[in-house]
Amino acid sequence: MTRRGICCAHILFMSLVVGAAQAAAPFAAGEVIRYAVKMAGIKAGEATLAFKGETDRDGKKCTLIMFSATGFNFLDDERIYVDGQTFLPELVVRDLNIFGLKATITEEYDQAAGTIKVTKVANGATTVQVLEKKGPIDNIYGFIYRYRVHGGLNQEEEFRISLPTHDVTIAGVKDVEFAAAGKTYPAILLRSVPSQYSIWMDRGPERLPLGIAGAFGIENVVMTMVGHTP
């Protein structure tokens, strides 16, 4: 990407952040989105994405998003605490059980310092690693909710998001019709570069994440919405 492209991408990212802080959200505490999970085209389990709303963490107000996926020999529970205005992560706690291998991973974000402290507890051992990133540091689920608040991208618009272990550029690729939960929705396909994530976002007023493909908690999966509780 050219320097001008990076600059435009940063401006667009900041417009999303500011828009998220100012706009009214098309969702509220208690919303649950349910997904069917497929691996290699075969149904492998179920997942939920739940917006819990404002909560208190160590005396500080933040917003809680929860992701949970279950299936044959896997469990992935994530508690994602984000800033209620920007949807940038503050703390992520993941409980994993993959083929009987259990682990708890805690990510503590210091947006001002540009660091993530990663603590992993597995097999009775604890490891700690500190990652350094140029901020703002993002979370893919926080991005999805911020996108829903802002109103989304048009085709060919793009911006970069900085994730803990890598950076990606998210772009609007094309408008499509997407079948989910017994309905057909007008949607826009978002895709990342490198090609790691694909997200089909509802063009309607609720701006639902209708389909999610890629490394969202579980590697190489496709999640399709099968139900939505506002």
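The values are calculated or read from the model by the stated rules, or taken from the named source; none is laboratory data. Remember, predicted model here, so these are calculated numbers, not experimental data. Counting neighbours? That spans all protein chains shown, and the Cβs are built from the backbone with ideal geometry, glycine included. Only protein heavy atoms, including side chains, enter the accessible area calculation; ligands, DNA and RNA are left aside. Shrake-Rupley method; radii C 1.70, N 1.55, O 1.52, S 1.80 Å.
Taking the chain as a Gaussian network, Cα atoms linked when under 10 Å apart, which of Asn123, Asn154, Asn73 shows the biggest mean-square fluctuation?
It is Asn123.
Go through Lys38/Lys183; Lys61/Lys174; Lys61/Lys117; Lys60/Lys133; Lys120/Lys183 and tell me which ones have a Cα-Cα distance over 30 Å in this structure.
Lys61/Lys174; Lys120/Lys183
Are there GluC sites (Glu not before Pro) in segment 124-220 that DSSP marks as loop and that have at most 16 other Cβ atoms within 10 Å, and which are they?
Of the GluC sites (Glu not before Pro), the ones in loops of segment 124-220 whose Cβ has at most 16 other Cβ atoms within 10 Å are Glu156, Glu157, Glu206.
Ranking request for peptides 85-95, 52-62, 187-197, 105-115: highest mean number of other beta-carbon atoms within 10 Å first, then the rest in descending order.
Answer by packing, highest mean first, reads 85-95, 187-197, 105-115, 52-62.
Quick one: putting +1 on the C-beta of Lys and Arg, -1 on the C-beta of Asp and Glu, what dipole do you get for segment 99-140 around its Cα centre, in Debye to the nearest 20?
In total the dipole reaches around 160 debye.
Just how much of His166 is accessible, in Å², when a 1.4 Å probe is used and the result is rounded to the nearest 10?
Counting only protein heavy atoms, the figure is 50 Å².
Provide the per residue accessible area, probe 1.4 Å, for the chain, rounded to a whole number of square angstrom.
Here the per-residue accessible area is 49 Å².
Please pull out the direction-averaged projected area of the chain, using the convex hull of its alpha-carbon atoms, in nm² to one decimal place.
Approximately 12.8 nm², given one-decimal rounding.
Mind listing the phi-derived Karplus ³J(HN,Hα) values for segment 158-169, rounded to whole Hz, using 6.51, -1.76 and 1.60 with θ = phi - 60°, and x for any glycine or proline?
So the J values, rounded to whole Hz, are 8, 7, 9, 10, 9, 9, x, 10, 6, 10, 9, 9.
On the accessible surface of the chain, probed at 1.4 Å, how many percent belong to carbon and sulfur atoms?
C and S fraction of accessible area: 53 percent.
Treating the Cα atoms of segment 68-198 as identical point scatterers in vacuum, please give the log10 of the normalised Debye intensity I(q)/I(0) at q = 0.16 Å⁻¹, two decimals.
Normalising to I(0) and taking log10 leaves -0.97.
Pairs of Cα atoms under 8 Å, at least six residues apart: use those to get the relative contact order of segment 20-148, whole percent.
That works out to 16 percent.
Mind checking the log10 I(q)/I(0) for segment 74-140 at q = 0.16, 0.17, 0.27, 0.29 Å⁻¹? Debye, one equal scatterer per Cα, no solvent, two decimals.
Taking Cα atoms of segment 74-140 as identical point scatterers yields -0.57, -0.64, -1.15, -1.22.
Compute for segment 179-230: radius of gyration divided by Kirkwood radius, i.e. Rg/Rh, restricted to C-alpha atoms, rounded to two decimals.
Computed over Cα atoms, the ratio is 0.98.
Relative contact order (percent) for the chain, with alpha-carbon contacts under 8 angstrom and 6 or more residues of separation?
Relative contact order here is 18 percent.
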